[in-house]
Amino acid sequence: MITSIIIITKKYDSFDENRICLLLTMYFEWERENITLPMENLFFIASYVLYYIKYLSLYFQESMLYCVMVKKMRIGNVEIKNRIIMAPMAGITNVAFRKIIKEFGAGLVVSEMVSDKALCYGNQKTIEMLTVDEDEHPVSIQIFGGEVDSMVKAAKFVDEHSNCDIIDINMGCPVQKVLKAHAGSYLLQYPDLVYDIVKNVVEAVSKPVTVKIRIGYDFDSINCVEIAKLIEKAGASAIAVHGRTRSQMYEGHANWDYIRQVKEAVSIPVIGNGDVKTAQDAKRMLEETGCDAVMVGRAALGNPWVIQQMVAYVENGVLLEEPTMDEKLNQCLSHAKRLMSVEGEKNAMRQMRGHAPWYIKGLKSASAIKNHLSKVNTYNELEEIIEKYRIYLHTGDKAVFEER
């Protein structure tokens, strides 16, 4: 993994490759994480960096020259272009949503969880959830289940019938429906079964395998370090850790210290998750835990700009402005159109009853509009509400809603 490189030198009128190469040799800092280059030969490394000079952002400021390289990571043989990853969310991270998040700069997107049993039974609706658009890559398909045989069979099906890049195993979901299937965070109670599932899936597929966990089943059985070591031993290429227990659900606070402990215990990439709501949060998690990447979930609902903000701040230290109210409303309608192209109008509008209120969260009189949005059945209805709301936001005229 290559970290940001900062060179401070005089301001030159021309670009001298030899001089820049020498300066790189003399002044850059190199973080030794998964480095395979010969560290004893600094000039060779400087030449290597120079070869990738087209990926550097160069700019002059008074008497200093700064070179900033975006930090990249690898999951198996898959390169992730930055350290911001979209978390899997049931009923949310379908192909339409993932494409939006990808366009806002996420390094990796993950599908909503897919049932192993449904794949084994050949459920067509479930198989359609494996669809990956060419603009999404890299993308991970997440599967869940509680038995070795069915998980292996499902993973092989994904490996052979999906053009995803990574297969992720859900061992963190805390909802009762998943727990009843002896899947998700239920598995954290059985470390040996965790190992068996991961090992057999890794051996059965050609794609890199990752695992998403929580820090433990409850506060009396926090075992994320033990689980992480077993997952690494089983051959997984990365692990994502949500800093809450199963019993916390999504309440309380995520304990990032356990993410740090996992990072210190294993050599595979560790992805931190939980309570990352802003660009500053993302950077702080990276600094406090040492994790390799940050996974963002609910913060991106109705706010894909937060992904863009996190990438800019984490990789370049730039704080981007918040979106305008018009940008939010326009993106809401664009999201609806994306969903319709994948799900059809009826299903898309059913989903937009949830998405649309997220887009207007924090705007003036948003609570009063949510009631209207929760009843939309057609795109025309949605567009009418959004456009009337736009007029109200610009003029303050409430009369535009009197017809409804």
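The numbers here are math on the coordinates, done by the rules we state, and not lab data. Please read these numbers as outputs of a predicted model, since none were measured by experiment. Here Cβ is always computed from backbone atoms with ideal geometry, including for glycine, and neighbour counts include all displayed protein chains.
Each Lys or Arg adds one and each Asp or Glu subtracts one; over the other residues with Cβ under 13 Å from the Cβ of Thr395, this totals +2. Among the listed pairs Lys337/Lys375; Lys153/Lys199; Lys102/Lys180; Lys72/Lys212; Lys180/Lys207; Lys81/Lys153, a Cα-Cα separation exceeding 24 Å is found for Lys102/Lys180; Lys180/Lys207; Lys81/Lys153.
Ordering 209-215, 91-97, 156-162 by mean Cβ neighbour count within 10 Å, with the highest value first, yields 209-215, 91-97, 156-162. Using the Cβ-Cβ distance between Tyr121 and Asn330 with R0 = 56 Å, the FRET efficiency computed as 1/(1 + (r/R0)^6) comes to roughly 0.85.
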